[in-house]
Each structure stands twice: as structure tokens, then as C-alpha cells.
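Here is the structure we will look at.
The values are calculated or read from the model by the stated rules, or taken from the named source; none is laboratory data. The structure presented is a predicted model; accordingly, all values stated were derived computationally and were not measured. Neighbour counts are summed over all protein chains in view; Cβ atoms, including those assigned to glycine, are modelled from backbone coordinates with ideal geometry.
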Amino acid sequence: MKQHTYFLLLGFIALIEVGIFIWSVEHLEPLVMTGAVIIGVLAAWIIRQLVDEVVADERTHLITEKASLRTLQVLGVILFSYALGGAVISLRGEVFGPFSYQVARFAFILMFIVFLMIIVYVIFLSWYERKYGAGGEDEE
Amino acid sequence: MNENTGPGGRMKNKIKVFRAMNDLTQEDLARDVGVTRQTILAIEKGKYDPSLELAFRISSRFGVHIEEIFTYEEILADEKGSGDNP
């Protein structure tokens with residue numbers, strides 16, 4: 001499969017996702033939308049495997065790695081600071097500017113997501129450290 | 001010849017020269033060694049240092065030893081402080 005065919009199919013998947021999103025909103029079916037996203041991502045991944053031309057190489061992997069790490073660092077700090085601010089409002093139980101008590105409670109969910117993100121990061125870190133030979137005993 | 005600065009030295013390569021000698025385009029070389037054309041361009045410009053494996057694949061494609069295409073030069077301390085980097 002050619003690279004442009006892959007991008008065309010990606011566009012087609014995106015259109016289907018938009019259609020499912022509209023349908024889900026109209027029929028109040030959040031699970032359908034969630035499932036559609038997962039299936040869509042899987043479909044995109046499978047199609048990508050069928051591309052003959054080189055889509056990604058070591059340089060693109062390096063760029064993706066660096067961009068992902070920076071994104072994780074920046075978003076981690078932003079989300080965690082926002083979550084802590086929300087937790088302060090939530091614990092005090094008062095209205096603070098446009099933030100109501102109920103809205104601020106969302107901060108706890110956000111904090112949970114941030115911690116989940118850190119846990120997933122540490123798991124992957126450990127996985128790759130093992131994979132690339134870090135750790136173990138010195139042979140000297 | 002292109003160059004790329006690292007912590008203690010710089011990588012240089014002669015890919016462009018060897019491509020010209022072998023009458024190859026960046027696209028041809030990229031296809032032969034299994035990378036994108038942008039990667040070959042980045043290596044030639046000295047913006048990206050290839051992995052050891054890719055460096056070997058490139059030199060193998062031209063049928064020469066790796067050190068004939070890729071060289072590493074140490075930067076002396078006084079050269080480092082001469083305003084090469086911001």
C-alpha cells in the first residue's frame with residue numbers, strides 16, 4: 001500500500017469517527033463513542049502495517065520520543081498544579097471565581113489521572129531499562 | 001562535507017560526495033537503506049547523527065568502510081570556548 005492511500009484511509013476513519021460522535025451525542029451513547037475511538041485507533045495501526053514505503057525510521061522515532069517526553073513533562077506539571085488548585089477550592093467547599101464546588105471536585109479525578117500517568121511512565125521506564133540492558137551486576 | 005556538534009566532538013560525513021560519485025539521489029539512497037528521504041537530508045546537513053546500524057548500512061551501500069564516510073573529530077577546549085556555540 002502506498003503512503004497516500006494510508007493517509008486517505010486515515011481521513012476516512014476520521015470521518016466515520018465524527019459520524020459516530022454525532023450519533024452518540026444524539027442517542028446519549030458514550031460507550032459507543034469510546035469503543036469507536038479504540039477500534040478506530042486499532043484500524044489505523046493495522047492499516048499502517050500494510051504500507052510498503054518507509055513511514056517512520058530511527059530519526060522520526062527519536063523526534064517522537066523527545067516530543068512525547070516534553071509533552072509529558074509540560075502537561076504533567078500543568079495538570080498537577082491545576083488539580084492542586086482545584087483541590088484547595090474543593091476542600092474549602094466554597095465558590096472561587098467561575099469555579100464552583102462541584103466543578104472543583106473534578107480536580108480529584110484529574111489528580112488521579114496525573115498519578116496514573118506517572119505510574120504508567122514508571123512502568124514503561126522500567127520496561128525499557130530492562131530491554132536495553134540497564135541494571136544487573138557489574139562483571140568486573 | 002557536513003558536520004554536527006556533540007558534547008565533546010563533531011560527526012562529519014561525506015554522504016553527499018559518495019552519492020554524487022555513485023549517481024544516486026537522496027530518494028534512491030533512502031530507499032536502499034530503509035529510511036525516509038528527510039533522514040538522509042538531515043544526516044547530510046549534519047542535523048542528525050545516524051545510529052551505528054544505519055551508518056553501517058549506508059557505508060555498505062557504497063561498498064566502503066564506515067570510516068571513509070563517517071568521521072569523528074574531537075573539539076579542543078579552546079576551540080569550544082571560541083564562540084562556536086551560543
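Filtered by the rule that a residue be surrounded by 14 or more Cβ atoms within 10 Å (Cβ to Cβ) and within 14 Å of chain B (Cβ to nearest Cβ), segment A:24-55 gives A:V51, A:V54.
What residue, among those in segment B:18-53 that are within 10 Å of the chain's Cα centre (by Cα) and part of a helix (DSSP H, G or I), is nearest to A:I63 (Cα to Cα)? Selected residue: B:A42. Look at B:S59 and say whether it is modelled with pLDDT of 95 or more and more than 14 Å from chain A (Cβ to nearest Cβ). Yes; evaluated as a whole, the condition is true for this residue. Taken together, the residues in segment B:16-47 that are surrounded by 19 or more Cβ atoms within 10 Å (Cβ to Cβ), farther than 20 Å from B:Y72 by Cβ and hydroxyl-bearing (S, T, Y) amount to 1. When B:F18 is tested against (1) away from chain A (no Cβ under 14 Å); (2) modelled with pLDDT under 95, only condition (2) is not met.
In segment A:56-82, of all residues being away from chain B (no Cβ under 14 Å) and surrounded by 15 or more Cβ atoms within 10 Å (Cβ to Cβ), the one that is farthest from the chain's Cα centre (by Cα) corresponds to A:Y82.
I'd like the full set of residues that are closer than 15 Å to A:M1 by Cβ and either free of Cβ contacts under 8 Å to residues at least 40 places away in the same chain or outside any helix (DSSP H, G or I) (or both), limited to segment A:14-55. Working first, answer last.
So the first thing to find is which residues in segment A:14-55 are closer than 15 Å to A:M1 by Cβ, and the list is A:43-55.
Of everything in segment A:14-55, those that are closer than 15 Å to A:M1 by Cβ and either free of Cβ contacts under 8 Å to residues at least 40 places away in the same chain or outside any helix (DSSP H, G or I) (or both) turn out to be A:A43, A:A44, A:W45, A:I46, A:Q49, A:L50, A:V51, A:D52, A:E53, A:V54, A:V55.
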